[in-house]
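Report on one structure; see the data block that follows.
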Amino acid sequence: MACSDNSAHNAVKDYYGKVLSSTSDLKTSACSSRSAPHPLVCRIIKTIPSAVNDKFYGCGNPIPLGIEGKDVLDLGSGSGRDCYVAAALVGPQGSVTGVDMTDELLQTARENIDAFGTALGYTPNLKFVTGYIEELKAAGISDSSADICISNCVVNLSPNKPLVFTSVFNALRTGGELHFSDMYADRP
């Protein structure tokens, strides 16, 4: 699959990278959660730089609690808000890797790691890589490298969902978990 030539990928990259400049620019109300995240997650979100929070386009909270020391992979990490939350939850012994195809959002995610580290009191093991969620290996994600995979309203944007799940299965260690919040339809 030549992801970079795919019209669906290009439309998504254009919308999230060029059309939107903040959450208030969204053209839908579907990107919202029915309930607030856990109070611990809410406290962490308040410590995340506003540049990251302002460009959050998720539709829920796929991040489990009790993940200290785990290695987390975020599909379609965007500006990185869920990665930042996960980085606080995994602590200094864990790691978080965000994968996204949108350069503008990756720039925001990468530029704010140091400020977030200051708020945490340690430098988080947090990185963001450019790539497609259908081709995690091509993005530098090794097989059996993640304990937990999260995704927040991104799988629905993929033109090849079976390939996404195959990539996730390969990236997860034995016993690994996928946590996601998304929108699905049972018909075209």
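The values are calculated or read from the model by the stated rules, or taken from the named source; none is laboratory data. Note that the structure is predicted; figures quoted are calculated from it, not measured. So basically every Cβ, Gly included, is an ideal-geometry build from the backbone, and we count neighbours across all protein chains shown. Ligands, DNA and RNA are excluded from the accessible area calculation, which covers all protein heavy atoms including side chains. Shrake-Rupley method; radii C 1.70, N 1.55, O 1.52, S 1.80 Å.
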Assigned charges on the beta-carbon of Lys, Arg, Asp, Glu; region 100-181 dipole about Cα centre (debye): 180 debye
Quick check: at a probe of 1.4 Å, how many percent of the accessible area of region 72-163 sits on carbon and sulfur atoms? 47 percent
Take every DSSP beta bridge whose two residues both sit in region 57-188, then give the antiparallel share in percent to the nearest 5. 0 percent
Note down the Stokes-Einstein diffusion coefficient of region 41-81 in µm²/s, whole number, using a Kirkwood radius over alpha carbon pairs, 25 °C, and 0.890 mPa s. 212 µm²/s
Long-range amide H contacts for D74: which residues qualify at under 5 Å (H placed 1.01 Å from N, peptide plane, sequence gap of 5 or more or a different chain)? T97, G98, V99, I150
For region 53-136, what is the Kirkwood estimate of the hydrodynamic radius, computed as the reciprocal of the mean inverse distance between distinct Cα atoms, to one decimal in Å? 12.7 Å
Mind checking the per residue accessible area of region 85-169 for me, 1.4 Å probe, whole number of Å²? 41 Å²
